[in-house]
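**Student:** I'd like to ask some things about the structure below.
None of the figures in this text is laboratory data; all of them are computed from the coordinates on show. It should be emphasised that the depicted structure is a prediction, and the values quoted were computed from it without experimental measurement. Counting neighbours? That spans all protein chains shown, and the Cβs are built from the backbone with ideal geometry, glycine included.
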Amino acid sequence: MNLLTTLESTAFSEWVLTSMLGFPTLIALHSIGMAIATGLSILVALYLNRFLSGMAEEHLPRFLHLAMFGFSLNLVTGLALFVSRGADYITSITFLVKMLLVLISAVILGWLRRHLMKLLNASNDLYEDVLARKVSLLGIATWVGAVIAGRLIAYVGTLY
Amino acid sequence: MHLEKFAWLAETPLADWVVSSGVIWPTLECIHFVSLCFFMGGLLIIDLRLTGFYRSSSTATMIKVLRIVLAAFSINFITGILFFAGNAGKYIDNPAFELKLMLIATAGLNALFYKFSLSYLLDTTQVTRTSVFVGYFSILLWAGVIICGRMITFYAR
């Protein structure tokens with residue numbers, strides 16, 4: 001907790017919290033990153049599970065590559081937001097749930113991209129891979145859960 | 001932008017319902033944001049195809065993605081109206097909200113321009129300077145919409 005309080009008293013944190021641009025800009029970029037990462041991950045899962053069809057299979061790993069760009073934007077802005085108000089966030093149940101879900105989602109995103117690339121390189125049919133299908137469905141649940149938890153941080157209480 | 005013309009929405013039973021319990025507003029926010037993710041994911045695929053990426057995927061595939069994008073936009077539009085009804089004071093005379101509406105209108109015109117001027121490109125792998133511009137312009141406009149949406153709270157009077 002001391003570390004978080006120290007981080008909150010840095011000049012950067014002060015800029016984030018007090019300038020007209022700091023917090024609003026970071027939260028806006030955070031949302032764009034979230035929408036890109038979550039949206040593309042969900043669409044790839046819908047294709048793998050045949051809720052959608054017709055997409056050339058070599059495009060799916062590329063979508064996930066773009067999703068990783070969105071996640072990187074989300075991560076960097078999220079860290080900057082955390083530095084400015086970490087002591088508050090760390091006591092929020094929903095924030096901790098969100099972090100857990102984001103972590104799982106990020107691992108799924110990275111794994112799925114590598115897995116699909118491997119399948120492509122081995123000339124296997126991406127749409128026939130049961131493991132990729134199941135993991136991508138889990139990814140939908142964790143991404144959507146993370147978005148919902150993020151929205152509820154302002155509404156649900158703190159741990160102590 | 002004379003949004004006060006729509007202030008009557010705040011007097012409707014719908015507005016009462018939106019603020020009638022502590023659960024409805026956060027639930028609407030969750031729906032709005034999840035739907036935004038569907039919207040942005042689909043939009044990126046469609047717009048990037050206009051700029052020359054993913055050309056080997058068929059037009060029929062893109063039309064399916066477009067349906068998801070339109071459904072997600074409809075959900076965002078409806079939840080957006082509910083937000084306005086529930087807390088009109090936050091949105092009227094709010095420069096961020098006004099800019100958001102203008103950007104949405106411009107993005108709509110941009111999409112219509114593509115539909116009526118460049119839709120002959122849909123069934124080809126051909127890309128023109130104009131289609132590249134329309135694609136990137138659309139991505140920029142919708143990114144602006146998200147940014148303005150997040151700014152609404154900070155510019156509320």
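**Student:** Does anyone have the angle between helix A:93-121 and the longest principal axis of chain A? Alpha-carbon axes, 0 to 90°, nearest 10?
**Tutor:** Helix A:93-121 sits at roughly 30 degrees to that axis.
**Student:** Using 10 Å bins from zero, what percent of all Cα-Cα pairs in segment B:21-148 falls into each bin?
**Tutor:** 12, 40, 29, 14, 4, 0
**Student:** With a cut-off of 8 Å between alpha carbons and a minimum separation of six or more residues, what is the relative contact order of chain B in percent? Intermediate values should be presented prior to the final figure.
**Tutor:** Numbers: 162 pairs, mean separation 54.0, N = 157.
In percent, rounded to a whole number, it is 34.
**Student:** Separate question: Expressed in nm², what is the orientationally averaged projection area of the convex hull enclosing the Cα positions of segment A:113-154?
**Tutor:** On the way: hull surface 12.7 nm².
Quarter of the Cα hull surface area: 3.2 nm².
**Student:** Please average, across the residues of B:142-150, the number of beta carbons from any other chain that are within 10 Å of each residue's own beta carbon, and give a whole number.
**Tutor:** Working: counts 2, 6, 2, 0, 6, 7, 1, 2, 10.
So the per-residue partner count for this stretch is 4.
**Student:** Could you give me D for segment B:96-157, from Stokes-Einstein at 25 °C and 0.890 mPa s, where the hydrodynamic radius is the Kirkwood radius over C-alpha pairs? Units µm² s⁻¹, please.
**Tutor:** Values: Rh = 12.7 Å.
The calculation lands on 193 µm²/s.
**Student:** Can you tell me which of A:31-42, B:22-33, A:105-116 comes out highest on packing, and rank the rest after it, using the mean Cβ neighbours within 10 Å?
**Tutor:** Working: A:31-42: 26.4, B:22-33: 15.9, A:105-116: 19.6.
Result, highest mean Cβ count within 10 Å first: A:31-42, A:105-116, B:22-33.
**Student:** Can you tell me the 0 to 90 degree angle between the C-alpha axis of helix B:59-86 and the longest principal axis of chain B, rounded to 10?
**Tutor:** 10
**Student:** Counting only residues 5 or more places away or on other chains, whose amide H sits under 5 Å from the amide H of residue A:92 once H atoms are built in the peptide plane?
**Tutor:** Here A:159 satisfy the definition.
**Student:** Further, regarding this structure: By the scheme Lys and Arg +1, Asp and Glu -1, what is the net charge of all other residues having a beta-carbon under 14 Å from that of residue B:124? Before the final figure, lay out the partial values.
**Tutor:** On the way: positive: B:49, B:55; negative: B:123.
That sum, taken over residues with Cβ under 14 Å, equals +1.
**Student:** Next question. Using the per-residue mean of other Cβ atoms lying within 10 Å as a proxy for protection, in what order, highest first, do the peptides B:48-56, B:129-137 fall?
**Tutor:** Details: B:48-56: 18.2, B:129-137: 15.4.
Top to bottom by mean Cβ count within 10 Å: B:48-56, B:129-137.
**Student:** Further question: Just the number: Rg to Rh for segment A:10-130, Cα atoms, Kirkwood Rh, two decimals. All intermediate terms of the calculation are to be shown ahead of the outcome.
**Tutor:** On the way: Rg = 17.5 Å, Rh = 16.0 Å.
Here Rg/Rh amounts to 1.10.
**Student:** Report Rg(Cα)/(2.2 N^0.38 Å) for the protein assembly as shown, keeping two decimals.
**Tutor:** Values: Rg = 20.6 Å, N = 317, 2.2 N^0.38 = 19.6 Å.
So the Cα radius of gyration is 1.05 times the expected 2.2 N^0.38 Å.
**Student:** Let me ask something else about it. Which of B:78, B:95, B:20 sits closest to the plus end of the dipole of segment B:20-136, meaning its Cα is farthest towards the positive end, when Lys and Arg get +1 and Asp and Glu get -1 on the C-beta?
**Tutor:** B:78
**Student:** Further, regarding this structure: Once the principal axes of the Cα atoms of segment B:1-91 are found, what is the range along each, listed largest first in whole angstroms?
**Tutor:** 51, 31, 18
**Student:** Let me ask something else. Tell me the label-point distance for the pair residue A:51, residue A:124, using the 7 Å Cα-to-Cβ offset, in nm and rounded to one decimal.
**Tutor:** Between residue A:51 and residue A:124, the simple spin-label model gives 2.4 nm.
**Student:** When the dipole is taken about the Cα centre of chain B, and only Lys, Arg (+1) and Asp, Glu (-1) are charged at their Cβ, what size is it in debye, to the nearest 20?
**Tutor:** 500
**Student:** Let me ask you something else. Using bins 10 angstrom wide from zero, how does P(r) for segment A:65-160 break down, in % of all Cα pairs?
**Tutor:** In order of increasing distance, the bins hold 15, 40, 26, 13, 5, 0 percent.
**Student:** How well do other chains shield peptide A:27-33, expressed as the mean number of their Cβ atoms within 10 Å of each residue Cβ? Before the final figure, lay out the partial values.
**Tutor:** Working: counts 5, 10, 4, 1, 9, 8, 0.
Neighbouring Cβ atoms belonging to other protein chains average 5 per residue here.
**Student:** Order these peptides, A:56-64, A:75-83, by their mean beta-carbon neighbour count within 10 angstrom, highest first.
**Tutor:** Sorting A:56-64, A:75-83 by mean packing, highest first, produces A:56-64, A:75-83.
**Student:** A follow-up question, please. Between residue A:58 and residue B:24, what is the label-to-label distance in nm when each label sits 7 Å out along the Cα-to-Cβ direction?
**Tutor:** Result for the modelled spin labels: 5.2 nm.
**Student:** With a cut-off of 13 Å, note down the residues of segment A:13-27 whose backbone N falls inside the zone around a label point 7 Å from the Cα of residue B:154 toward its beta carbon.
**Tutor:** Counting backbone N atoms under 13 Å from the label point, the list is A:15-27.
**Student:** In peptide B:25-37, what is the residue-averaged number of other protein chain Cβ atoms found within 10 Å of each Cβ? Spell out each step's value before the answer.
**Tutor:** On the way: counts 1, 6, 4, 1, 6, 8, 2, 1, 9, 10, 3, 7, 15.
Averaged over the peptide's residues, the number is 6.
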